[in-house]
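Each remark here refers to the structure printed beneath this line.
The values are calculated or read from the model by the stated rules, or taken from the named source; none is laboratory data. Treat the numbers as computed from the prediction; the structure is a model and nothing was measured. Cβ atoms come from the backbone with ideal geometry, glycine included; neighbour counts cover every protein chain shown. Remember, those area values only see protein heavy atoms, side chains included, never the ligands or the DNA or RNA. Shrake-Rupley method; radii C 1.70, N 1.55, O 1.52, S 1.80 Å.
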Amino acid sequence: MSQNPSESTTSEMICVGAIGGAYGVRGEVRLKSFTAEAEAIAEYAPLTTGDGAMEFDMTLTRIIKNGLAARLSGVSTKEQADALKGVKLFVPRDRLPELPDDEYYYSDLVGLEVRDTGGTVLGTVKSVQNHGATDLLEIQSPGLSTTVLLPFTHAVVPTVDMSTGRIVADPPEGLF
């Protein structure tokens, strides 16, 4: 992940949202927020693109179906807004709040080793996904050509140990 040159090189960038294209004809954008409370994304501005090439101040204008509508600095036409469709927005990690012990930023989970309750390595976390019901850990397992989606619930994933970089999982029978 690229860093914004104006930020400390040790500051990790966290994705907090994505632009879904234009909303209307006056330069507003559709915005998908990845923050726990959708409107909180505006509190972390300015937001930068993944490569650090663009930075935006933001004003939320309204809540819309499946997201938010917002004005971004430097974006004043529908064409400019449409050109940003799919662009992910990032902030330095140090601007985000500390989390309680049982909550994690998705980026912290990627790359962690996953073992079953008997200690057998199941694989590593490739990504964290959410399709509406619950978070899913996408596990890349050695010896499998496809990934496995593991529900990220307390019942299936009883332990996340950030200090050792390990997750202990009790997957449903036959999943691996």
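Which lysines have a Cα less than 18 Å from the Cα of LYS65, not counting those fewer than 8 places away in the same chain?
LYS32, LYS85
What share of the DSSP beta bridges in the chain is antiparallel, in percent to the nearest 5?
Percentage antiparallel, nearest 5: 90.
³J(HN,Hα) across the stretch 154-165 via Karplus (A = 6.51, B = -1.76, C = 1.60, θ = phi - 60°), whole Hz, x for Gly/Pro?
My calculation for the stretch 154-165 gives 4, 5, 8, 10, x, 9, 10, 10, 5, 5, 9, x Hz in order.
Counting only heavy atoms of the protein chains, get the accessible area per residue of the chain (1.4 Å probe) and round it to a whole Å² value.
I get 57 Å² per residue for the chain.
Evaluate the relative contact order of the stretch 45-176 (contact order divided by residue number), counting alpha-carbon pairs under 8 angstrom at least 6 apart; express in whole percent.
15 percent
Please quote Rg/Rh for the stretch 64-117 to two decimal places, taking the Kirkwood radius as Rh and restricting both calculations to Cα atoms.
With Rg and the Kirkwood Rh in hand, the quotient comes to 1.13.
Using a Cα-Cα cut-off of under 17 Å, which aspartates and glutamates could be cross-linked to LYS88, ignoring same-chain neighbours fewer than 8 residues away?
Cα-Cα hits under 17 Å: GLU12, GLU28, GLU39, GLU43, ASP51, GLU55, ASP57.
With unit charges on the beta carbons (Lys and Arg positive, Asp and Glu negative) and the dipole taken about the Cα centre of the stretch 41-176, which residue among PRO100, ILE63, GLY118 sits farthest to the positive side?
Checked the options; the winner is ILE63.
Using a 1.4 angstrom probe on heavy atoms only, work out the carbon and sulfur share of the accessible area of the stretch 13-144 in %.
49 percent
Taking only the alpha carbons of the stretch 103-176, what extent do you get along each of the three principal axes, in Å, biggest first?
Sorted from largest, the Cα extents of the stretch 103-176 read 28, 27, 21 Å.
Using a basic spin-label model with each label point 7 Å from the Cα along Cα→Cβ, how many nm lie between THR61 and HIS154?
So the label points at THR61 and HIS154 sit 4.3 nm apart.
What does the charge dipole of the chain about its Cα centre add up to, to the nearest 20 debye, if the Cβ of each Lys and Arg holds +1 and the Cβ of each Asp and Glu holds -1?
820 debye
List the residues whose amide H sits under 5 Å from the amide H of GLY123, counting only those 5 or more places along or on another chain, with H placed 1.01 Å from N in the peptide plane.
Amide H to amide H, under 5 Å and 5 or more residues apart or across chains, GLY123 pairs with VAL114.
Which three lengths, in whole Å and largest first, does the stretch 33-163 cover when its Cα atoms are put on their principal axes?
Cα extents, longest axis first: 56, 33, 29 Å.
Full-extension gain between TYR105 and ALA40, please, as 0.36 nm times their residue separation minus the C-alpha to C-alpha distance.
Once the chain is fully extended between TYR105 and ALA40, it gains 21.9 nm.
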